[in-house]
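J.: Before anything else, here's the structure in question.
Each reported figure results from applying straightforward, stated rules to the coordinates on display, with no laboratory input. Note that the structure is a prediction, hence the values are computed from the model and not measured. Ideal geometry is used to build each Cβ from the backbone, glycine not excepted, and the neighbour counts take in all protein chains shown.
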Amino acid sequence: MPRRKMMRDFVRALRLVQATDGRQHAHQLVEGLNAAAAEPELEGDQAEAAAARSRDDKGWRDIAEILLTRAPGRLGQLSESACGCFNVLAGASPATFLLGGAYDEDMHGGRIHRDVAGLAFTSPAGYACYLLWKIREEEALDRVKRCPQCQRWFVDETRNKSAARCSAGCTARWWDRSRRRAARAKSRDKRMPRRRRA
Ligand SMILES: [Zn+2]
């Protein structure tokens, strides 16, 4: 294989890995935000579970509030006051460094210790803070968006970060609605001169 071709392939592969890595945290954040926004599916008398769930969701909802303060067209930036809110939330949700806790299996099914480096969070809010911090560090904050059609959070995977809605389905629904609205406005305009004449 010619050397130049090999280099090009390598560079492309490297970019692919970086892009995937950068968005992995954005996908995790979006998953948490959508789960916290959904109504809990609890049956019967599960008040305790509901209270725990609402406590867990609070951190994600606080992060959602912070994201919603971003100005349209400047989704990659958080204001000074939004950063202040984040710092308060992060300060109350500590994380700690962790080694180990992971195992491989040997041929007899026995556990082989692995010294994997990880982080442990005392609350879901800590994990939510970590993801937002990580995404900001990776300059991928402007890929985290909320669909104005269905209100779900999504990761904008388009090359130029131009997606306005989460899916083709939502764009079709939006297009239908805006087209109906335009048609209504048009027929209203047509009626207006007639009314003036009468
Ligand atoms: Zn949508």
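J.: Can you sort Ser162, Ser123, Ser81, Ser93 from fewest to most other Cβ atoms within 10 Å of each residue's own Cβ?
T.: Ser162, Ser81, Ser123, Ser93
J.: So, one more: At Leu98 and Ser167, where each label point lies 7 Å from the Cα along Cα→Cβ, what is the point-to-point distance in nanometres?
T.: In this crude spin-label approximation the distance works out to 3.3 nm.
J.: Could you tell me what % of all Cα pairs in region 62-198 have separations over 21 Å? Provide the component values of the computation, followed by the final result.
T.: Working: 5917 of 9316 pairs.
So the pairs more than 21 Å apart make up 64 percent of the total in region 62-198.
J.: Can you sort Arg188, Arg61 so the residue with the fewest Cβ neighbours within 10 Å comes first?
T.: Numbers: Arg188 9, Arg61 15.
Going from sparsest to densest Cβ surroundings: Arg188, Arg61.
J.: Rank the residues Asp106, Asp62 as a footprinting-exposure proxy: fewest other Cβ atoms within 10 Å of their Cβ go first. List each step's numbers first, then the result.
T.: Numbers: Asp106 9, Asp62 20.
By the 10 Å Cβ count, ascending, the order reads Asp106, Asp62.
J.: Within 10 Å, Cβ to Cβ, of Ser167, how many net charges do the neighbouring residues add up to if Lys/Arg are +1 and Asp/Glu are -1?
T.: On the way: positive: Arg152, Arg165, Arg173; negative: none.
Neighbourhood net charge equals +3.
J.: Say a paramagnetic label sat at a point 7 Å from the Cα of Ala35, along Cα to Cβ; which residues of region 93-109 have their backbone N under 15 Å from it?
T.: No residue qualifies, since no backbone N sits under 15 Å from the label point.
J.: How long are the three semi-axes of the equivalent ellipsoid for region 145-190, computed from the Cα gyration tensor as the root of 5 times each eigenvalue, in whole Å, largest first?
T.: 27, 10, 8
J.: What's the FRET efficiency of Glu139 with His108 using the Cβ-Cβ distance as r and R₀ = 35 Å, to the nearest 0.05? Spell out each step's value before the answer.
T.: Details: r = 47 Å, r/R0 = 1.33.
The pair Glu139/His108 has a calculated efficiency of 0.15.
J.: Next up: Near the amide H of Val144, under 5 Å away, which other amide H atoms are found, from residues 5 or more places off or on another chain, if H is placed in the peptide plane?
T.: Those lying under 5 Å, H to H, from Val144 are Asp156.
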